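Bear in mind that the values in this text are calculations on the coordinates, not laboratory data. Since we're looking at a predicted model, the values are computed, not measured. Please note: Cβ atoms are built from the backbone with ideal geometry, for glycine as well, and neighbour counts cover all protein chains shown.
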Amino acid sequence: MPFADRLAERYEVIQPVHPGFAGTPIPEHFDNIQDLIFLYLDLIDELNLENTILAGFSMGGWLAAEIAAINTKRFSKLVLVDSVGIKPGGPFDRDIADVFAISPNEHTRISWHDSSKAPDPRNMNDEELQIFASDRIAHGLYTWEPYMHNPKLQYRLHRIDIPTLLIWGEGDQVVKPSYGEAFRDLISSSRMVVIPDAGHSPHVEQPEAFINHFLEFAF
Amino acid sequence: MKTWFFTEDAYPNLPDDESYESIRVNLPNKHFDPVLGADLFNMYLDIWAAADEMGLEIMLNEHHQTPTCVLPAAPIALGVLARETKEARLLILGNPIVNRKQPIRVAEEMAYIDVLSRGRLECGFVRGVPYEIAPANAYPYRGSEKLWEAHDLIMKAWTHHEGPFNFEGRWFHARQVNIWPRPYQQPHPPVWVTMGSAGSAAQVAQRKHVGAVFLAGYPNIRRLFDSYRNGYFQTHGEEAPLDRLAYAAIVHVGKNEKEAEKGAEKLLWYIRSNKVAPQFNNPPGYHPPEVAANLIRGPRPGEPNRRDPRLETQLSRGNVFSGTPDQVFQQLKHFWEYSGGFGHLLLMGQAGFMTYDETMSSMDLFAKEVYPRLKELTATYDPDAMKELRSASPDVEGIDMSLLGSEFIR
């Protein structure tokens, strides 16, 4: 991620890969996001992190919010980017687009302000395509049911007591800015910024604006 | 050879397929007219009842959220047929136990049908096709493990008679299992499981269940049946009996070639109409990564169209058998010998717009002129002679049809 390179000019950046992504195996006992949360609790202890900014994107934002809701003592700040994880609406509301039940074109349309920035399987070689397919499997494993959220999380987010920034792409239609506002309202120490001309991945579509918001908050 | 008549209970009166994205999962049910549906449901039950009278066995299956099969709860129709038929064995192939959240309920439904029919139930378990995932909302990853866990629970529910037992598995939990009724057949009804890969075939063989293969055709049948036979031999130290293997195909018998061709074309609606959106055909976790990647990429240049609906293609692949009684017998004999033999033919004899009369005409010709010869053929089965026959016939040059098979019943 280019923005991570920018951050690395000032910070030590730890960019872990969730098991199952980028060609890594899914551990035999893994069933859902709980397994990922506890893996990261182990990792954070192992690295003995202190005074660290915790940041997550989309599903990773959900993960970061869960970790911070358990305990914030190792972290100084929290950044959630177009995060999933909560269910603000009722049973009939589709709060989070069902990305597994829409066509690839529709998926691109709702995820990107500029669809030419979307990864395109037609340009991938066999190995890249297999990783793309494996990533979807892991993504499904962690998010399938309850879909992309933990019904309990909204009752736990009040425990987050560190400064928190929510960064949202204005054109995100996977989780709209109004979803981000609902998330923000559950964390009292938070504020939210919306980046124009960006969808679900503002760090990719508007890296300059993104890095500026991030650094301003981090200092 | 036992022959099992089946139809998927289609609702074929649909708008132009250019007007919708997918026949599976998201086609609005405003296109279903319940009055016409009532006619169709009764016609399908009549056809099955007629199959019983013709000396054929009966097979049902179920799908969800699709007009290709408007029977979303096969046990209900099977319950009707348990009363309306007298002789036929009643095969459900099958219960989608990976997607159904209550295996105990499946055990109960099956036990009821077995008792009601006085022991005529044959109970299939299936993983289900990929486009069943969205309707079931069931994550398909580790589907095979889930299938066997649910299977183990159902088998024990059927065979344990001394009060409640405990089951706390990875996916299914039931702490006081004690079903009423228990099955009529002892120790339990015959069990069938569909096989889509060499690995799944070996697992079915280890349990001595009937292994069923759908539309694998010449390109895949040897690999699947051989895996079953090898798995059976390795586990049990003896050759797999012929009645442990089943093959499902589309069959139409006509008085003459022209009539047969017309009927077969009608049945090919089943393949022609199966327009499935990629998101439902390739849900994450259903296919292994290499297969999922192939589906995302689409066919490579020059790759054959797996769902080529032309009759000549499907005939040559061994997915369709159609012609005069002589021709159908010869086609089936050739495939049977090529495959190494099987004891059950699952005969899809109605699909799409095929009428009751057209279906009856073909079934009657099959029952009178083809079936007796098939029974004679299988009565001569000798594993050693079959091996010789097989080694004299080389493998059909392989187009990979595995995905076609996997898209159907599983």
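Close amide H pairs (under 5 Å, H built 1.01 Å from N) link B:Thr194 with B:Phe125, B:Arg127, B:Ala212, residues at least 5 positions away or on another chain. The lysines within cross-link reach of B:Lys266, meaning a Cα-to-Cα straight distance under 21 Å and a gap of 8 or more places when in the same chain, are B:Lys255, B:Lys258, B:Lys275.
What the pair-distance distribution of segment B:84-224 shows, using all Cα-Cα distances binned every 5 Å from zero, is 2, 10, 19, 21, 20, 15, 9, 3, 1, 0 percent.
A straight Cα-to-Cα reach below 19 Å connects B:Lys375 with the lysines B:Lys2, B:Lys333, residues fewer than 8 places away in its own chain not being considered. For the peptides B:172-185, A:190-203, the ranking by mean Cβ contacts within 10 Å, running from highest to lowest, is A:190-203, B:172-185. For chain B, set up a Gaussian network in which alpha carbons nearer than 10 Å are linked by springs, and say which option among B:Val191, B:Val251, B:Val396 fluctuates the most. Of B:Val191, B:Val251, B:Val396, the Gaussian network model singles out B:Val396 as fluctuating most. Across peptide B:141-152, the average count of Cβ atoms from other chains found within 10 Å of a residue's Cβ is 1. Within the protein assembly as shown, all pairs of alpha-carbon atoms sorted by distance into 10 Å bins from zero give the percentages 3, 15, 23, 22, 16, 11, 7, 2, 0. The H on the amide N of B:Leu346, modeled in the peptide plane, is under 5 Å from the matching H of B:Trp4, B:Tyr247, B:Ala248, B:Ala249, each at least 5 residues off or on a different chain. Positive-end ranking of B:Leu345, B:Tyr112, B:Ser322 along the dipole of chain B, with charges on Cβ about the Cα centre, is headed by B:Tyr112. Ranked by how many other Cβ atoms sit within 10 Å of their own Cβ, fewest first, the residues A:Lys152, B:Lys266 fall in the order A:Lys152, B:Lys266.
Using the empirical formula 2.2 N^0.38 Å as the baseline, the Cα radius of gyration of segment B:176-318 reaches a ratio of 1.32.
Among the residues of A:25-36, the average count of other protein chain beta-carbon atoms within 10 Å of the residue beta-carbon is 1. Peptide A:97-105 shows a mean partner chain C-beta count of 4 within 10 Å per residue C-beta. Helical content alone sets the calculated 222 nm signal of the protein assembly as shown at -12500 deg cm²/dmol, taking -39,500 (n - 2.57) per DSSP H segment of four or more residues and averaging over every residue.
For the protein assembly as shown, the residue among B:Thr235, A:Gly171, B:Thr355 whose Cα projects farthest onto the positive side of the dipole built from Cβ charges is B:Thr235. Reported value for chain B: 142 Å³ per residue, from the convex hull of its C-alpha atoms.
Sparse packing (at most 13 other Cβ atoms within 10 Å of the Cβ) combined with a DSSP loop state is found for none of the GluC sites (Glu not before Pro) in segment B:264-350. If R0 is taken as 22 Å, the Cβ-Cβ distance between B:Arg170 and A:Tyr147 corresponds to a FRET efficiency of 0.60. Rounded to the nearest Hz, the phi-derived 3J(HN,Hα) couplings of segment B:254-263 under the Karplus curve 6.51 cos²θ - 1.76 cosθ + 1.60 (θ = phi - 60°) are x, 5, 9, 4, 5, 5, 5, 5, 4, x, where x marks glycine and proline.
Normalised by 2.2 N^0.38 Å, where N counts its residues, the alpha-carbon radius of gyration of segment A:1-154 equals 1.10. Charge tally for B:Leu81 (other residues, Cβ to Cβ under 12 Å; Lys, Arg +1; Asp, Glu -1): -1. Listing B:Trp48, A:Trp112 from fewest to most neighbouring C-beta atoms within 10 Å gives A:Trp112, B:Trp48.
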